Amino acid sequence: MSNKTKKPSWWEEFKAFAIKGNAMALAVGTIIGGGFSTITKSLTNDIIMPVVNIFLGGTDFSKAQIALPRMPWVEPTYETVVNEAGEEVVQEVLNYLTYGNFIAAIINFLILAFVVFWLVKGLNRMAEAGKKKEEEAAAAEPPAPPAPSAEEVLLTEIRDLLKSK
């Protein structure tokens, strides 16, 4: 007869994980990260990119794109659009490579990575300071035991007198 211990099911493992707080910390981090992502996206689109656009001749960088060529064997498609004069115009539908949005996304990522780097660096520095204090406290000599009270001294003298008789 074997005496095997039953492994916890995945549900039990999940409950243990969620109860430990790891899942809650992860959820809070995700929510805060989403909010921070919105802030960095606004920083990039509303503050950084307009300054970059000044150096690019005032063009809107998010609309920077390259029209991709149509393959000769593919029939072109057309759509009807309204031009600035309010007239309906039929034009060929083109496929665009919008690299401006991609570059803005890279800038967003770099800002997020920079901020996370400094947060982690600060947290590591605080953790190291805490470890250093713990090590200093452990390395310091233990405090001397308190001096015996007058009552203890008297009882010790009585004991020693009784032993000597």
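Computed from the coordinates by the stated procedures, all read-outs in this text should not be read as laboratory data. The model shown is predicted, which means the values in this text are computed figures rather than measured ones. Positions of Cβ are backbone-derived with ideal geometry, glycine not excepted, and every protein chain shown enters the neighbour counts.
Quick notes on this one:
- By the rule of a C-alpha distance below 20 Å, with chain neighbours fewer than 8 residues away ignored, the aspartates and glutamates paired with residue 20 are 12.
- Site pair residue 53 and residue 75 shows an inter-label distance of 4.0 nm when each label is modelled 7 Å from Cα along Cα→Cβ.
- FRET efficiency for the pair residue 43 and residue 84, taken as 1/(1 + (r/R0)^6) with r the Cβ-Cβ distance and R0 = 30 Å, rounds to 0.40.
- Straight-line cross-link reach from residue 131 at under 20 Å between alpha-carbon atoms covers these aspartates and glutamates, not counting any fewer than eight positions away in the same chain: 141.
- Note on the stretch 111-151: Rg/Rh from Cα positions, Kirkwood definition for Rh, rounded to two decimals, is 1.49.
- Put simply, the C-alpha atoms of the stretch 94-165 give a gyration tensor, and the ellipsoid matching it has half-axes of 74, 9, 8 Å, longest first.
- Here the simple spin-label model places points 7 Å from the Cα toward Cβ, and for residue 147 and residue 63 these points are separated by 8.8 nm.
- Structure-derived semi-axes √(5λ) of the Cα gyration tensor in Å - corresponding label in (1) 75, 28, 14; (2) 44, 23, 17; (3) 26, 24, 15: (1)
- Angle of helix 22-42 to the longest C-alpha principal axis of the chain, folded into 0 to 90 degrees and rounded to 10: 40°.
- The lysines whose alpha-carbon is closer than 26 Å to the alpha-carbon of residue 63, local same-chain residues fewer than 8 away aside, are 41.
- Counting only alpha carbon atoms, the long axis of helix 150-164 and the longest principal axis of the chain meet at about 50°.
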